[in-house]
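The values are calculated or read from the model by the stated rules, or taken from the named source; none is laboratory data. A quick note: this is a predicted structure, and the numbers were derived from the prediction, not measured. Glycine also receives a Cβ, built like all others from the backbone with ideal geometry; neighbour counts cover every protein chain displayed. In case anyone asks, the SASA skips ligands and DNA or RNA and just uses the protein heavy atoms, side chains included. Shrake-Rupley method; radii C 1.70, N 1.55, O 1.52, S 1.80 Å.
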Amino acid sequence: MIDSNATSDPRGQQTPHEPERELANMLDTAFRAAISQVTSGLSPAALMQHYAEWALHMATSPGKQAQLGHMAFENWADFTRYLTRCALSRDGGACEEPDARDRRFRHEGWKHQPFNAYQQAFLLTQKWWDEATTGVRGVSRADERVVNFTARQILDAMAPSNFVATNPEILQRTWETGGANLIAGARNFQEDLQRALLQEKEPLSEEYRVGASVAVTPGKVVFRNHLIELIRYEPVTGTVQPEPVLIVPAWIMKYYILDLSPENSMVKYLTEQGFTVFMISWRNPGAEDADYGMEEYLEQGPMAALDEVQRRTGAARVHAVGYCLGGTLMSIAAAAMARDGDDRLASMTLLAAQMDFTEAGELTLFINESEVSFLEDMMWKNGYLDAAQMAGAFQLLRSNDLIWSRLQHEYLMGDQPQQNDMMAWNADTTRMPYRMHSEYLRQLFLENAFAAGKFLVGGHPVTPRDIQVPIFAVGTEADHVAPWKSAYKTGSLTRSEVTFALTNGGHNAGVVSEPGHHHRHFRLGRIVSNNHHIPAGEWAETAAEHEGSWWLAWVDWLKAHQTGTPIPPPAMGKVICDAPGTYVLMR
């Protein structure tokens, strides 16, 4: 029997099936790439699969339906009694209190009629849908999380805080300004819409310009290849620690998150503490870099930088620091070095970085085969994933802060956003090459290949279990990108002695936590080799809590792991140009 999908017949003659398949695949790819422009990179098929799974199980769960019907009746009765109490007295006694982290209803006006009724109706509806999308027998945990998350996004879009007529704060501003706030908001919306339609990048802040007010720590670009510029910062102390520090930031961001303003620059602080500091500045890739993969980023990134750092300083060992995705890459490099008997690492610091992606937070809601293939089709046209295309998923993770709060303040209140150095850095976006991003999503997120010991470097697998250098790992309490419990797994995945710091703040603000920063605290504890099994929650309950910045504890740890005594600063040698270099300026 002849296979109907064969490309040739028994006489060796070619059939048209293969060209037809290629044409069909190209049409499918182009169609999905066009759809992605409307959906902000989210796969409609993936969402429909999750919804269908939930809806079918809900349809065959009469008990759950009866429970929800009874809950709806109770909610309505509670709401009716609440309105009656409000009509008879000033204090109606709320049916449902907003979450302590929910900033939408903090204005005093929400305590008065009719706005308190709008608020209570919304909170009760939100509570009902949370119950409806969870606990349905037969629905997988993954499907439940996606449906629950989607329901929250729809409800958040319809919150009374998002509309002029139902938001007391906006109504008050409209009354006070005679409607000028709405005119200003319409102007803000028009500008944003125009940029979106023309696919223009948001203009960079003149107040926080790279090389003028941010990324100003003195240094020189001492090495350059196609993917990186290596910056060496000038010493500011008479002697320096004998072993240098190499920082590997994520290529999803510009490096100067760690060299913002002088008062919160991590590299400036390290140089003041007597360290010789090198920083990788990644190239912002274009269509010509579509075929660059994880292997190229590893070889031309940390491995090339490590060679140059040693050549420049003569140091036998180097202290590596990896931030976010840069920390993952540095961990892979460390595992490959350990596998090959390369002992040039003295220690490794991981800032909000993950080796295991099974608990990578709500970001994993968007990562499945359907979504990854959709993103690959999205990248097909240009050969890279643009930051604007990535923004949709990240904004949804914090939609109240990044979407609806912006709608209220910029479009309804008519305010201009208050800029700071971190916001200016956040607007200075980067791209990711097609092949690298595809490999990253498939091998690390979908397959969790590194944690499983199946990630290939040089054609052979590497595993975190090979890593034995001392590790200082940092997690942040409000991290939506690399949840701290995922970062905490560093202790159980490696054979290293791990010092773990859990600091307040988010993925970026928790890391940029300079000494003197108000309202900062952190927990610090060691995870020695025979205690790797301690659960994250139990560790957090027993770890010592400290006020202030974790930077001080980290610098003490770095100095404790130095070999030898301070030395005169090594000569700078031949340089290419002044910091911040040229790659960081690429848009």
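In Å², and per residue, what accessible area does segment 310-350 have when probed at 1.4 Å with the other protein chains present?
26
Protein heavy-atom surface of segment 171-282, 1.4 angstrom probe: 54% of the accessible area is carbon and sulfur, with nucleic acids and ligands not counted. The portion of the accessible surface of segment 421-494 made up by carbon and sulfur, rounded to a whole percent, is 52 (1.4 Å probe; DNA, RNA and ligands excluded).
When the charge dipole of segment 162-250 is built from unit charges on Cβ atoms (+1 for Lys and Arg, -1 for Asp and Glu) and taken about the Cα centre, the candidate among Asn167, Leu204, Gln190 whose Cα reaches farthest toward its positive end is Leu204.
With protein chains left intact and a 1.4 Å probe, residues in segment 198-245 average 46 Å² of accessible area per residue. The slack between Glu207 and Ala165, meaning 0.36 nm per residue of separation minus the straight C-alpha distance, is 11.5 nm. In plain terms, the chain is cut at each of the GluC sites (Glu not before Pro) found in a DSSP loop with at most 13 other Cβ atoms within 10 Å, and the longest leftover piece is 208-587. Each Lys and Arg Cβ is given +1 and each Asp and Glu Cβ -1; about its Cα centre, segment 278-371 then shows a dipole of about 680 debye.
Sum -39500 (n - 2.57) across every DSSP H segment of at least 4 residues in the chain, then divide by the residue count to get the 222 nm mean residue ellipticity, nearest 500.
-12000 deg cm²/dmol
Within segment 442-587, all pairs of alpha-carbon atoms sorted by distance into 5 Å bins from zero give the percentages 2, 8, 14, 15, 16, 15, 15, 11, 5, 1, 0. Between the listed residues Gln120, Val136, Trp110, the Cα displaced farthest toward the positive end of the dipole of segment 103-151, a dipole computed from Cβ unit charges relative to the Cα centre, is found at Trp110.
If you scale each eigenvalue of the Cα gyration tensor by 5 and take the root, what three semi-axes come out for segment 121-166, rounded to whole angstrom and sorted largest first?
25, 11, 4
For the chain, the fraction of C-alpha pairs farther apart than 46 angstrom is 23 percent.
At q = 0.13, 0.20 Å⁻¹ the log10 of I(q)/I(0) for segment 509-587 amounts to -0.75, -1.03, computed by Debye summation with a single uniform scatterer per C-alpha, solvent ignored. Computed in the context of the full set of protein chains, the accessible area of segment 527-584 at 1.4 Å probe radius has 57% of its extent on carbon or sulfur.
Calculation over all alpha carbon pairs of segment 58-193 in 10 angstrom steps from 0 returns a P(r) of 11, 31, 31, 19, 8, 1 percent. Using the 1.4 Å probe convention, the accessible area of segment 455-524 works out to 35 Å² per residue with neighbouring protein chains retained.
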